[in-house]
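Visitor: Handing you a structure now.
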Amino acid sequence: YNINLEGKNILQETDPVNLKLKPEKLDSVRLKIKLPVKKIKFISRQIKSNDSLNISAVFHIYYQYLNKPFKLTFRKKQTIESPTPPEIKITEIKRNKINKFGKEIIVDVSILVSNNSKQITFDLEDVHYKISLGEHINGKGIIKNKLVVKPGESEQIIVPVTLKVEKPIRTAIDLFWNKEEVFYEVEIIGLLNNEKVKSIHKPLLKFSTKGI
C-alpha cells in the first residue's frame, strides 16, 4: 500500500497477510499502519494556510486462486481537517497587591486563547507557566483547570500569579518610576488534546512572548 498526503508520498509498505480463505467465507484483516509524524508535520507546515488536508491511499492485494496469481487494487481518498494549534495572547498583566514587606507581588494575568479551527474542539490541560517582570521579579505555577475552547471561539482566563521579588528596594524604585512600562516575559507550556485526533502521547503546546 501507498499513502499520500497532499499528493506527496508519506508511506509505502508491504505487509504479508498469509490469509487462507475457504469458498463462500468472509474474513477481515487489520493492518497496523504507523504514519511518519515528522513528514506529516513538515507537509502541514508548508500548506498551513489551509484548514484541511487531502489524504489518499492505494492498496494492492495479491492472492492466488487455483494456483494462479491475481491482483486487486482499490483506492480511497478523504479530506480531513488539519488541526491548527490555538493562538495564545497575553492581553493584560495587572498588578494586584504587594505583600510580605515587598518580597512578593501578586499580579492578574489575562490570557486569551483562540481556536481558529472550524470543527475541532481543543482541550488545554496541565498548563505550566513562567513569568518575569523586569529584572528581579519572577514566578511560576500550574493552571489546574482544563481549558476547553470550541471551534471558532475564544476563551479568556485571568490567572492570579504570585511573583517573588529578589531585590525589593531596587524593584520598588523601578516600579515607581516605570508605572506604565515594565518589561515582561511569559512562557506557557501545556498538553493539547482534541476530540477528533486521538494520540497516545498528547502534543505539547508551547508559547512565549515578551513586551512592555
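Visitor: Just need a number here: residues in the range 1-26 that are closer than 30 Å to Leu53 by Cβ, part of a loop (DSSP other than H, G, I, E, B), open to solvent by 80 Å² or more (accessible area, probe 1.4 Å) and among the charged types (D, E, K, R).
Guide: Residues flagged as closer than 30 Å to Leu53 by Cβ, part of a loop (DSSP other than H, G, I, E, B), open to solvent by 80 Å² or more (accessible area, probe 1.4 Å) and among the charged types (D, E, K, R) within the range 1-26 amount to 1.
Visitor: Return the total of residues in the range 32-41 being open to solvent by 80 Å² or more (accessible area, probe 1.4 Å) and not in a loop (DSSP other than H, G, I, E, B).
Guide: 4
Visitor: Any residue in the range 101-120 that is in contact (Cβ under 8 Å) with a residue 12 or more places away in the chain and within 30 Å of Thr79 (Cα to Cα) sitting within a Cβ distance under 7 Å of a residue that is open to solvent by less than 20 Å² (accessible area, probe 1.4 Å) and part of a loop (DSSP other than H, G, I, E, B)? List the pairs, counting only those 6 or more apart or interchain.
Guide: Qualifying pairs under 7 Å: Val113/Pro86; Ser114/Pro86; Asn115/Pro86.
Visitor: What number goes with the only condition from (1) of a type outside the set (D, E, K, R); (2) open to solvent by less than 100 Å² (accessible area, probe 1.4 Å); (3) at pLDDT 80 or above; (4) part of a strand (DSSP E or B) that Val29 does not pass?
Guide: Every condition holds for Val29 apart from (4).
Visitor: Going through the range 132-167 one residue at a time, which ones are touching a strand residue (DSSP E or B) at 6+ places or on another chain (Cβ under 6 Å) and loosely packed, with under 13 Cβ neighbours inside 10 Å?
Guide: Ile142, Gln156, Ile158, Pro160
Visitor: What are the residues in the range 128-160 that are among the charged types (D, E, K, R) and part of a strand (DSSP E or B), if any?
Guide: If the condition is that a residue be among the charged types (D, E, K, R) and part of a strand (DSSP E or B), then Lys130, Lys140, Glu155 are the ones that fit.
Visitor: Considering only the range 105-131, how many residues are modelled with pLDDT of 80 or more, open to solvent by less than 60 Å² (accessible area, probe 1.4 Å) and either over 30 Å from Ser52 (Cα atoms) or of a type in the set (Asp, Glu) (or both)?
Guide: Summing the residues that are modelled with pLDDT of 80 or more, open to solvent by less than 60 Å² (accessible area, probe 1.4 Å) and either over 30 Å from Ser52 (Cα atoms) or of a type in the set (Asp, Glu) (or both) in the range 105-131 gives 9.
The values are calculated or read from the model by the stated rules, or taken from the named source; none is laboratory data. Nothing here was measured: the structure is a model prediction, and the numbers come from that model. Methodologically, a virtual Cβ is constructed for each residue, glycine included, from the backbone with ideal geometry; neighbour enumeration extends over all protein chains shown. Side chains included, ligands, DNA and RNA excluded: accessible areas come from the protein's heavy atoms. Shrake-Rupley method; radii C 1.70, N 1.55, O 1.52, S 1.80 Å.
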